[in-house]
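J.: Sending over a structure as structure tokens; questions will come in a sec.
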Amino acid sequence: MIILMKKGCTQKEIASIVEVLKSHGLGANLSEGQQATVIGVLGDKSKLGGVNLELMDGVEKCVPIMHSYKLASREMTPEGRTVDVGGVVIGGKRLVMMAGPCAVESEEQVREAALGVKAAGAQFLRGGAYKPRTSPYAFQGLEDEGYRILRRVGDETGLKVVSEIVSHDEIDAACKYCDMLQIGARNMQNFRLLREVGRSGKPVLLKRGIASTIEEWLDAAEYIMSEGNYNVVLCERGIRTYETATRNTLDVAAVPVVRERSCLPILIDPSHAAGKAAYVGPMALAGVAAGADGLIIEVHPNPKVAMSDAAQQLTIPAYESLTKQIAAVAAAVGREM
Ligand code: PEP
Ligand code: MN
């Protein structure tokens, strides 16, 4: 349930509502937007017994939240959330660009990719240290050494680091070396992992599951937020459909749907959706046109020899020229690069 406050309500009125909630064992999520002040009630509202909050001073009305997710809902935070990762704000006017190789293969490879994407305006370096591969015989990643390489190169180049964790075993190392933890599509409903990244307090990039509905995705975000970590950014990366021409089917419509139903920022990953470098650019532009808050794109100094996802990684010059097109689309939809 949310409590919508009257325009011009006082801090004292807000404080006394929060106090009533607390005294009944409930939490409060305060959202003071320019349009309205909203207090989200956290917990089982039946604990309120006979208390009628609508009779309290300053209250306009109480509205139930019909979704299973509450903190991730738009109703709870009507003005939307931004996520600040060491000074880079995701969800503001400026698009956030994350780029780098599919997998960390060596320090030289990561450095070359990082210098290229940094020069093209990216703020984040991506790279997989633990790779969730379909085949157990495929390259599984450099593991913790991969995180350390990302950190060193991130520090050298002034890029924030985002990297995936595939199990709770990596959480301490990932928190030490990364600025943002990625939960990949295959783990979107690994509920224990979601709770643990929630407890870590680190910003989380939550990819959409391969066959997950938007509601299931938002429920997954709620798992993280219910542990007190509100720094969650969603990432649409394509879903499995009957179409085989692309690796996955990018659900561009997920952007406006998420915007309507959720307060969380959303990025697009055109690389894993397309599966082929030639399709990455058009999908990236579509994502920005639809209102995404940024992009995460795979870029490799020499995609032909990449140890994973070779077909979909962009060269540095291709990424550079794509960013110019992205800037034009961003300007057309009122965003900055
Ligand atoms: C990745 O970004 O490295 C990755 C494996 O993506 P996804 O989880 O979307 O398949
Ligand atoms: Mn990849």
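J.: Go through (1) within 13 Å of ligand 2 (Cβ to nearest atom); (2) assigned to a loop (DSSP other than H, G, I, E, B); (3) in contact with a strand residue (DSSP E or B) (Cβ under 9 Å, 6 or more places away or on another chain) for residue 163 and report which single condition fails.
T.: (2)
J.: Considering only the range 17-31, I want to know if a residue exists there that is closer than 25 Å to residue 217 by Cβ and of a type in the set (Lys, Arg). Steps first, answer last, please.
T.: As a first pass, look at the range 17-31 and keep what is closer than 25 Å to residue 217 by Cβ: 27, 29, 31.
With the extra rule that they be of a type in the set (Lys, Arg), the set shrinks to none.
Within the range 17-31, none of the residues are closer than 25 Å to residue 217 by Cβ and of a type in the set (Lys, Arg).
J.: Now for a different question. Can you tell which of 308, 321 is at pLDDT 95 or above, more than 16 Å from ligand 2 (Cβ to nearest atom) and over 23 Å from residue 82 (Cβ atoms)?
T.: Values: 308 fails: more than 16 Å from ligand 2 (Cβ to nearest atom).
Within the list 308, 321, the selection yields 321.
J.: Given the structure, is residue 272 farther than 25 Å from residue 83 by Cβ, surrounded by 20 or more Cβ atoms within 10 Å (Cβ to Cβ) and within 16 Å of ligand 1 (Cβ to nearest atom)?
T.: Numbers: farther than 25 Å from residue 83 by Cβ: no; surrounded by 20 or more Cβ atoms within 10 Å (Cβ to Cβ): yes; within 16 Å of ligand 1 (Cβ to nearest atom): yes.
Spelling it out, it is not the case that residue 272 is farther than 25 Å from residue 83 by Cβ, surrounded by 20 or more Cβ atoms within 10 Å (Cβ to Cβ) and within 16 Å of ligand 1 (Cβ to nearest atom).
J.: Just to verify a result, which residue in the range 275-291, among those that are crowded, with 24+ Cβ neighbours inside 10 Å and within 15 Å of ligand 1 (Cβ to nearest atom), is farthest from the chain's Cα centre (by Cα)? Talk me through it step by step, then tell me what you get.
T.: Restricting attention to the range 275-291, the residues satisfying the condition of being crowded, with 24+ Cβ neighbours inside 10 Å are 280, 284, 287-288.
Then drop every residue that is not within 15 Å of ligand 1 (Cβ to nearest atom), which leaves 280, 284, 287.
Working: 280: 19, 284: 16, 287: 14 Å.
Ranking the candidates gives 280 first.
J.: Which numbered condition in (1) of a type in the set (A, V, I, L, M); (2) touching a helix residue (DSSP H, G or I) at 6+ places or on another chain (Cβ under 8 Å); (3) within 16 Å of ligand 2 (Cβ to nearest atom) is the only one that residue 205 fails?
T.: (2)
Table: residues versus (1) closer than 22 Å to residue 185 by Cα; (2) without any contact (Cβ under 8 Å) to a residue 40 or more places away in the chain.
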{"position": "271", "(1), (2)": "yes, no"}
{"position": "275", "(1), (2)": "yes, yes"}
{"position": "305", "(1), (2)": "no, yes"}
{"position": "312", "(1), (2)": "yes, no"}
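J.: For the range 195-211, what are the residues that are more than 13 Å from residue 225 (Cβ to Cβ) and within 16 Å of ligand 1 (Cβ to nearest atom)?
T.: 205, 207, 208, 209, 210, 211 - these are the residues of the range 195-211 that are more than 13 Å from residue 225 (Cβ to Cβ) and within 16 Å of ligand 1 (Cβ to nearest atom).
J.: Check residue 278 against each of (1) closer than 24 Å to residue 84 by Cα; (2) away from ligand 2 (no atom under 16 Å from the Cβ); (3) among the small types (Gly, Ala, Ser) and name the one condition it does not meet.
T.: Every listed condition holds for residue 278 apart from (1).
J.: If you don't mind, another one. Which of the residues belonging to the range 292-319 are more than 13 Å from ligand 1 (Cβ to nearest atom), closer than 24 Å to residue 336 by Cα and not in a helix (DSSP H, G or I)? Walk me through it before giving the result.
T.: Quick first cut of the range 292-319, residues more than 13 Å from ligand 1 (Cβ to nearest atom) only: 292-294, 301-305, 310-311, 314-319.
Add one more test, that the residue is closer than 24 Å to residue 336 by Cα, and what stays is 292-294, 314-319.
Scanning the range 292-319 gives 292, 293, 294, 314, 315.
J.: Run residue 334 past the list (1) among the small types (Gly, Ala, Ser); (2) within 29 Å of residue 133 (Cβ to Cβ); (3) part of a loop (DSSP other than H, G, I, E, B) and report the number of the one that doesn't hold.
T.: (2)
J.: So which residues in the range 22-60 are over 23 Å from residue 263 (Cα atoms) and crowded, with 17+ Cβ neighbours inside 10 Å, if there are any at all? Spell out how you get there, then give the answer.
T.: Filtering the range 22-60 down to residues over 23 Å from residue 263 (Cα atoms) leaves 22-25, 46-58.
48, 53, 58 - these are the residues of the range 22-60 that are over 23 Å from residue 263 (Cα atoms) and crowded, with 17+ Cβ neighbours inside 10 Å.
J.: Just give me the residues in the range 119-160 being of a type in the set (Ser, Thr, Tyr), within 22 Å of the chain's Cα centre (by Cα) and assigned to a loop (DSSP other than H, G, I, E, B), in sequence order.
T.: Going through the range 119-160, the residues of a type in the set (Ser, Thr, Tyr) turn out to be 130, 134-135, 137, 147, 157.
Narrowing the set further to residues that are within 22 Å of the chain's Cα centre (by Cα) leaves 130, 147.
If the condition is that a residue be of a type in the set (Ser, Thr, Tyr), within 22 Å of the chain's Cα centre (by Cα) and assigned to a loop (DSSP other than H, G, I, E, B), then 130 is the only one that fits.
J.: Quick one: residue 286 ticks every box in (1) under 28 Å from residue 201 (Cα atoms); (2) in a helix (DSSP H, G or I); (3) more than 16 Å from ligand 2 (Cβ to nearest atom) bar one, so which box is it?
T.: Residue 286 satisfies every listed condition except (1).
J.: So which of 62, 9 is among the hydrophobic types (A, V, I, L, M, F, W, C), over 28 Å from the mean Cα position of the chain (by Cα) and in a loop (DSSP other than H, G, I, E, B)?
T.: When all the criteria are applied, what remains is 9.
J.: Based on this model, can you work out whether residue 72 counts as of a type outside the set (D, E, K, R), buried (at least 17 other Cβ atoms within 10 Å of the Cβ), touching a residue at least 60 places away in the same chain (Cβ under 8 Å) and touching a helix residue (DSSP H, G or I) at 6+ places or on another chain (Cβ under 6 Å)? Spell out how you get there, then give the answer.
T.: Working: of a type outside the set (D, E, K, R): yes; buried (at least 17 other Cβ atoms within 10 Å of the Cβ): yes; touching a residue at least 60 places away in the same chain (Cβ under 8 Å): yes; touching a helix residue (DSSP H, G or I) at 6+ places or on another chain (Cβ under 6 Å): yes.
Criteria met by residue 72.
J.: Considering each residue of the range 103-142, count those that are more than 16 Å from ligand 2 (Cβ to nearest atom), surrounded by fewer than 22 Cβ atoms within 10 Å (Cβ to Cβ) and among the polar types (S, T, N, Q), and give that number.
T.: Adding up the residues that qualify gives 1.
J.: Any residue in the range 199-218 that is aromatic (Phe, Trp, Tyr), more than 13 Å from the chain's Cα centre (by Cα) and at pLDDT 95 or above? Before you say what the answer is, go through the steps one by one.
T.: If we filter the range 199-218 for residues that are aromatic (Phe, Trp, Tyr), which is where we start, we get 217.
If we keep only those that are more than 13 Å from the chain's Cα centre (by Cα) too, we end up with none.
Within the range 199-218, none of the residues are aromatic (Phe, Trp, Tyr), more than 13 Å from the chain's Cα centre (by Cα) and at pLDDT 95 or above.
J.: Which one is surrounded by the fewest Cβ atoms within 10 Å (Cβ to Cβ), of the residues in the range 226-245 that are part of a strand (DSSP E or B) and among the hydrophobic types (A, V, I, L, M, F, W, C)?
T.: Taking the range 226-245 and keeping what is part of a strand (DSSP E or B), we get 232-236, 239.
Narrowing the set further to residues that are among the hydrophobic types (A, V, I, L, M, F, W, C) leaves 232-235, 239.
On the way: 232: 28, 233: 28, 234: 26, 235: 27, 239: 20.
Ranking the qualifying residues of the range 226-245, first place goes to 239.
The values are calculated or read from the model by the stated rules, or taken from the named source; none is laboratory data. Just so we're clear, the structure is a prediction, and the values are computed from it rather than from any experiment. Using ideal geometry, Cβ is built from the backbone for each residue, glycine included, and neighbour counts are taken over all protein chains shown.
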